Amino acid sequence: MEPSKPTRKAPLDWYWTMGWLVALLAVCVLPLLVTNPYYLDVLIRIAFNGLAAVGLNLLLGYAGQISLGHAGFVGLGAYGVGIATATYGCDPFLALIVTVIICFCLGWLVAKPVLRLKGHYLAMATLGLGLVVSIMLNAEEAWTGGPDGMVTSELSVFGFAARGETAWFRISWILLLFVLVLTRNLIRSPAGRALRMIEKAEVAAQVSGIDTMTAKVRVFAISAALAGLSGCLSAYYSGFITPNMANIFHSVELITIVVIGGAGSVMGPVLGAIVVTVLPQALADLEGYEVMVFGAMLIAVLLFAPHGIASLFSSRRGKRL
Amino acid sequence: MSFLTVENVGIRFGGLVALADVSLDVTQGEVYSIIGPNGAGKTTLFNIISGLYRPTSGHVRLDGEQITGLAPVKLAKAGLRRTFQNLQLCPSMTVIENVMVGAHLSLPHGFVQGALRFASLRRAEQSTCHRCEELLDFVGITRVDHSRLAGQLPYGAMRRLEIARALAGNPRLLLLDEPAAGLNNSETVEMAELIRKIARSATTIVLVEHDMGLVMKVSDRIMVLNYGRTLAIGTPTEIQNEPHVIAAYLGEEDPQ
């Protein structure tokens, strides 16, 4: 996390670059080795959850602002592309880009009044936001198909259709890896330091010349856009969307991912997404008891690694991944 | 020509008058101390000057310009920096990163520039990093500590780190809120030297402090506050011999 020195690169930087390249290689090679589409499906869902969680981590883990309604933006993203393509026949790729921009703008508009609140009040306000979206998606049957959900079209980019698990695995993970690089750069830049200072000492940030309100609003908008992107992609991938993706349980799941993985670490949301996506599947054999075991494991993580799984990998001097 | 002027400033919180009709003027390059018993309104006055509170009455001017009630961000742009009595650091950032936060305004701080790591940003970061390392040397934090997390520093070093962060903004006016609070004797002596060193670099300093030894050693002029009112203004020797001040601190002598 330290700014790069002209003379020698910090070892952590080197590990990170190597790890990233290995991951990129794995994304290219893995579909050749893993032929079972079920495993690929799980990996794709990890990437989708990861994308939304990376955005939420910027807001919650770095800037220290909670949102209990981020699944609302996932839902808006999903229904945005769903309605635009299936109902109005728009170009899927264009619809995706416009929807993400709309999520960004909505996040911006909503953040301005809401981020004046702090702590529990902010939690309640964002909870309300998520509920509004969830209720709207359920109620506006003419647009959304109501609780039954709606069928979406498939994603095609300049005539190339994204079809099958292999293609989606590559799309989702390359996007996630790309977003991770941007996040890491941002966090180490002046803007990122400003966010981290806002979390720990907002007044000190202000007297240092940081416009804390603008920074918070921006990071909220970015996290809304990433949640929207995650929603758009899962809508195209699964071909069928329901209002459940916008409900409170999904919002809580996103927060769980960030906290379990490690709030305020770049890799945390990915580790969290792996655990929270894989564990319920892996425990499915326990027939009904899997929720209990899952809950117990989450408590264990919080007891023994209160800063999340990523903190277990941090170096002796306490720097995070 | 006075650099910082406070004119008849008053502030009340509900029915409580925290400051009444306080005036002071600080000349450029001066070390001006505000002292007084607990609850006299020293920190309140600081919070008014640094834009955290808006005074109920009166004005504050910096270099002739009206700054009353301006937001802290605007004041930072005008060249005012401050430290805090209760430390305001980010313990999960490294020491050098904490100092670089102080240079926020002189760096390109856009989100897009940051995420894409523009070459211009990398260059600016590098030179700022060098300058901040020199500032840490200046306040006396050793090089091995620069890449440690701020939360791992000893308490006295955290106090100096806050000053380094304030200096990173190249302040014209530096407000130090109890920089020696919690320091032991030798650390307090070092702090006094540091304050004199900063003053020599032509930065105007306003200081709130309880440690009288330090105040008398570093100040050019001193203002004594008591119950939100000005009790006396003068040089350290004048203040030490001022009967009102002695009365406020030690209690009045029995008229018998």
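Taking region B:53-73 on its own, how many of its residues are touching a Gly at 6+ places or on another chain (Cβ under 9 Å), away from chain A (no Cβ under 12 Å) and not in a strand (DSSP E or B)?
Here is the first cut: in region B:53-73, the residues touching a Gly at 6+ places or on another chain (Cβ under 9 Å) are B:53-58, B:60, B:62-63, B:67-73.
Checking the rest, the ones that are also away from chain A (no Cβ under 12 Å) come to B:54-58, B:60, B:62-63, B:67-69.
Applying the additional criterion that residues be not in a strand (DSSP E or B) yields B:54-56, B:63, B:67-69.
Total satisfying the criteria: 7.
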Review point. Taking region B:161-181, which residues are among the aliphatic types (A, V, I, L, M), under 24 Å from B:S2 (Cα atoms) and open to solvent by 10 Å² or more (accessible area, probe 1.4 Å)?
Key: B:L167
Check your understanding: Any residue at all in region A:281-292 that is in contact with an Asp or Glu (Cβ under 9 Å, 6 or more places away or on another chain) and open to solvent by less than 30 Å² (accessible area, probe 1.4 Å)?
Key -> yes
Exercise for review: Name, by its number, the condition in (1) among the aromatic types (F, W, Y); (2) open to solvent by 60 Å² or more (accessible area, probe 1.4 Å); (3) within 19 Å of B:S219 (Cα to Cα) that does not hold for B:F46.
Suggested key: (2)
Exercise for review: Among residues belonging to region A:164-186 that are under 21 Å from A:Y38 (Cβ atoms) and more than 15 Å from the chain's Cα centre (by Cα), point out the one that is surrounded by the fewest Cβ atoms within 10 Å (Cβ to Cβ).
Suggested key: A:G164
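Rundown of residues vs (1) closer than 19 Å to B:I141 by Cα; (2) acidic (D, E); (3) at pLDDT 95 or above; (4) assigned to a loop (DSSP other than H, G, I, E, B), yes/no style:
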{"residue": "B:R81", "(1), (2), (3), (4)": "no, no, yes, no"}
{"residue": "B:Q85", "(1), (2), (3), (4)": "no, no, no, yes"}
{"residue": "B:S92", "(1), (2), (3), (4)": "yes, no, no, yes"}
{"residue": "B:N98", "(1), (2), (3), (4)": "yes, no, yes, no"}
{"residue": "B:G114", "(1), (2), (3), (4)": "no, no, no, no"}
**Study point:** Hits in region B:138-147 - residues which are among the hydrophobic types (A, V, I, L, M, F, W, C) and crowded, with 18+ Cβ neighbours inside 10 Å
**Key:** B:V139, B:I141
Practice item. Would you be able to tell me the number of residues in region B:74-97 that are facing chain A (nearest Cβ under 7 Å), without any contact (Cβ under 8 Å) to a residue 60 or more places away in the chain and among the basic types (K, R)? Key: 1
Check your understanding: Name the residues in region B:202-218 that are among the small types (G, A, S) and either within 19 Å of B:I49 (Cβ to Cβ) or not in a loop (DSSP other than H, G, I, E, B) (or both), would you?
Key -> B:G213
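Here are A:T35, A:T87: which of them is open to solvent by 20 Å² or more (accessible area, probe 1.4 Å) and farther than 23 Å from A:T152 by Cβ? Lay out the reasoning, then the answer.
Values: A:T87 fails: farther than 23 Å from A:T152 by Cβ.
After ruling out the rest, the residue left standing is A:T35.
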Check your understanding: Under the condition of being open to solvent by less than 20 Å² (accessible area, probe 1.4 Å) and among the β-branched types (V, I, T), which residue from region B:100-137 is nearest to the other protein chains (Cβ to nearest Cβ)?
Key -> B:V101
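The values are calculated or read from the model by the stated rules, or taken from the named source; none is laboratory data. Since this is a predicted model, take the numbers as computed values, not measurements. When we count neighbours, we look across all protein chains shown, and the Cβ atoms used for this are built from the backbone with ideal geometry, even at glycine. Heavy atoms of the whole protein, side chains included, go into the accessibility calculation; ligands, DNA and RNA do not. Shrake-Rupley method; radii C 1.70, N 1.55, O 1.52, S 1.80 Å.
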